[in-house]
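Structure record follows, encoded as structure tokens.
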Amino acid sequence: MSKGKEELIGRAVIDDEFRARLLADPAGTIAAEGYEVDQELIDQLTNLDPEAAAAAAKGLDAAFADRKAAS
């Protein structure tokens, strides 16, 4: 079974080191890790502002922490 877009995004959300590599070299990281995604996603990641991505990830981290604390 191949790893696709959902797995890639999920890992990027929870794995800081992977997210940093992915944003620094989207095509290389995706190929090295064996993900199968369309070129459109690679282009989007290539054009993504790393600071905006980091801020979004931090917001998700906080949301997950809040959910975990509430359960």
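Look at where the Cα atoms of segment 28-42 and of segment 45-71 average out, and the two centres are 21 Å apart. The calculated FRET efficiency for residue 31 paired with residue 53, based on their beta-carbon distance and R0 = 22 Å, is about 0.65. Its convex hull of Cα atoms gives the chain a direction-averaged projected area, equal to a quarter of the hull surface, of 5.2 nm². When the chain is described by a simple charge dipole with +1 on each Lys and Arg Cβ and -1 on each Asp and Glu Cβ, the residue from 63, 39, 29 located farthest towards its positive end is 63.
Rule-based calculations on the coordinates, nothing more; no lab input. Computed from a predicted structure; not experimentally measured. Note: ideal-geometry Cβ built from the backbone for every residue, glycine included; neighbour counts use all protein chains shown.
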